[in-house]
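Only one structure is covered here, and it is reproduced in the block below.
The values are calculated or read from the model by the stated rules, or taken from the named source; none is laboratory data. In this text the structure is predicted, and so the values were computed from the model without any measurement. Note that we place each Cβ from the backbone using ideal geometry, even for glycine, and neighbour counts take in every protein chain shown. For accessibility, only protein heavy atoms count, side chains too; no ligands or nucleic acids. Shrake-Rupley method; radii C 1.70, N 1.55, O 1.52, S 1.80 Å.
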Amino acid sequence: MSRPRVTVVLSQAQGKNPTKRALEESVAAALILEPGLDVSIVPHLYDLDAEHTGRLFLESVTGDLVVLAWLYPRAAFWLLDRDGIKGHYGANQITPKEDEEEGEPGASATGGDHKGIGAVEVPDRWIYCLDLRDHADHRVYVDEVKRIAAECQARRAQKAGPSLVQLGVAGRPQPAFAPEQLLAQPGRRWYPVIDYSRCTNCMECLDFCLFGVYGVDGLERIFVENQDACKKGCPACSRVCPENAIMFPEHKTPGIAGAPAGGVSGLKIDLTKLFGGMDAIAVAAQERDAELVKDGRQAVGLSVGIPKRQAGKAQGPKDDLDRLMDELDGLEI
Ligand code: SF4
Ligand code: SF4
């Protein structure tokens, strides 16, 4: 009886950084030799649009999936979810190098206490996202992927038994995709990614963005409807979201790019620099105005779509990221 295989997808870095390429190649070369794994390489995950072969390939994978990318795991997981590549969140056990040095355990990559509305239509499979920035040594990733593959096999064996495997539920063969099409380099994209483990569906981002990026789906849930309508480099709505649920995976500030709440020290420094003594909402309004003016429209300042979060936010339990944002609000900088 054949066992369901685990698909491993390595998402390349943007650009041609030789150090990054070397790490990608070492990881892929080692994993290809491992039994029970199907290894593929695609361009940078964030840049794959709906027509890209790499995206079609990812959509075709029905079993457990491991994605190695140059992205925070939380950002990679929720951007896949937005694109319909869904599964249960699989925690990886890699401790980033700097956390190891500081003696901190690896931080959780999802929203901590899970007060959000969560994902919908999640199939019975697991998706693990690993951040290739965590270590320079390829063996760390190879060992972790092997551990994950064993975890997936054990879970399947316990749950499914032979009948599901025979039905093809867990190990359906994937259609073939030509490597040169998989690796066709897409243009760079820029759009928000919502972490539904934190998002409470308050719709403040919908009110705030005046560029038609957000929409409401058939279940009355907020979603990023027109990804490519977002203004390149603009992270304004991430500052407005009362739950810190909006990420811009390529933003230089870890807190905006999807860093886990546990990475507090780096986050604190970056956010302090970023706000430069201004209230986050005021910064967001300025950023939005700049984009409006570039489009030949009138600046609106604080007069449109400014959230009522200070007044109306429910007092739920706070997690590390909320506490950090409160701390920042209180700083006189
Ligand atoms: S502002 Fe944040 S919490 Fe509210 S709907 Fe948008 S993403 Fe969700
Ligand atoms: S970053 Fe700016 S343009 Fe993009 S969705 Fe947010 S408010 Fe809209």
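The table that follows gives values for the structure above.
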read-out: Some residue of the stretch 41-52 being over 16 Å from residue 152 (Cα atoms), of a type in the set (Ser, Thr, Tyr), open to solvent by less than 40 Å² (accessible area, probe 1.4 Å) and out of contact with any strand residue (DSSP E or B) (no Cβ under 7 Å at 6 or more places or on another chain); value: yes
read-out: Among residues of the stretch 244-263, those that are open to solvent by 10 Å² or more (accessible area, probe 1.4 Å), within 15 Å of ligand 2 (Cβ to nearest atom) and either out of contact with any helix residue (DSSP H, G or I) (no Cβ under 6 Å at 6 or more places or on another chain) or of a type in the set (Phe, Trp, Tyr) (or both), counted; value: 2
read-out: Selected residue (criterion: modelled with the lowest pLDDT) from residues of the stretch 152-211 that are away from ligand 1 (no atom under 16 Å from the Cβ) and charged (D, E, K, R); value: 172
read-out: Members of the stretch 173-231 found to be assigned to a strand (DSSP E or B), near ligand 2 (Cβ under 10 Å from one of its atoms) and of a type in the set (Val, Ile, Thr), listed by number; value: 224
read-out: For residue 238: the one exception among (1) within 14 Å of ligand 1 (Cβ to nearest atom); (2) not in a helix (DSSP H, G or I); value: (2)
read-out: Number of the exception - residue 280 against (1) at pLDDT 95 or above; (2) within 16 Å of ligand 1 (Cβ to nearest atom); value: (1)
read-out: Residues of the stretch 117-137 classified as open to solvent by less than 60 Å² (accessible area, probe 1.4 Å) and over 21 Å from residue 61 (Cα atoms), total; value: 5
